[in-house]
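Written below as structure tokens is the structure these notes are about.
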Amino acid sequence: MAATPRLSPGDPAPDFTLPDADGNPVALSGLRGRKVVLYAYPAASTPGCTTQACDFRDSLASLQAAGYEVVGVSPDTTEKLARFRAAEGLSFPLLSDPDKAVLTAYGAYGEKSLYGKTVVGVIRSTFVLDEQGTVTAASYAVKAKGHVAKLRRDLGLD
């Protein structure tokens, strides 16, 4: 598998419409006019992804106060996302991308290193988009633990 092209600051964010945990379509274009933190994660209800989602949950009020919407994307089914949302008290949209088309468009699906082996899967990534849908930051292979705190520092929120 060839390396997945990655996004860089200044790139237009690939538009998409994906179902949320309730099956309702969410379009990136519908978030224009707001800043968006879009994060890609491998699988709901796994330890690292739960840590990361809960960190976003716990930082949501300050992110929203600074004008950011948080949206998570994974290849999970809407049913699994609904269970994850309920179990962890998540109040931001979790979107289902089972065919991984959006994850691939963002460079968040492809070869990665896992326990010293090269595998193909979701690359834990975070994208910050401005009000016009332009990428202002793209972080790949981020750590589940501590990443939200680093993001908050990078955004000047701490």
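Please treat every number below as a calculation from the coordinates, not as lab data. A quick note: this is a predicted structure, and the numbers were derived from the prediction, not measured. No Cβ is skipped: glycine too gets one built from the backbone with ideal geometry, and neighbour counts run over all protein chains shown.
For the reader, a short list of remarks on this structure follows.
- For segment 1-75, the Cβ-based charge dipole about the Cα centre amounts to some 160 debye (Lys, Arg positive; Asp, Glu negative; other atoms uncharged).
- Paramagnetic reach from Arg6 (point 7 Å along Cα→Cβ, amide N under 15 Å) across segment 132-156: 136-143
- When the P(r) of segment 21-60 is calculated, the portion above 14 Å amounts to 62% of the C-alpha pairs.
- Applying the criteria of a DSSP loop state and at most 16 other Cβ atoms within 10 Å to the trypsin sites (Lys or Arg not before Pro) of segment 2-58 yields Arg6, Arg32, Arg34.
- Helical runs assigned H by DSSP (4 residues or longer) give the chain a calculated mean residue ellipticity at 222 nm of -8000 deg cm²/dmol, each run adding -39500 (n - 2.57) before division by the residue total.
- Coil-residue chymotrypsin sites (Phe, Trp or Tyr not before Pro) of segment 56-158, DSSP, other Cβ within 10 Å capped at 11: Tyr115
- Secondary structure note: in the chain, about 70% of the DSSP beta bridges are antiparallel.
- Ellipsoid fit via the Cα gyration tensor, segment 57-103: semi-axes of 22, 14, 5 Å, each the root of five times an eigenvalue, largest first.
- Three principal axis lengths of segment 1-81 [C-alpha, angstrom, descending]: 41, 33, 24
- Scaled against 2.2 N^0.38 Å for its residue count N, the alpha carbon radius of gyration of the chain is 0.96.
- Modelled spin-label separation between Ala27 and Lys150, with each label point placed 7 Å from Cα along the Cα-to-Cβ direction: 3.5 nm.
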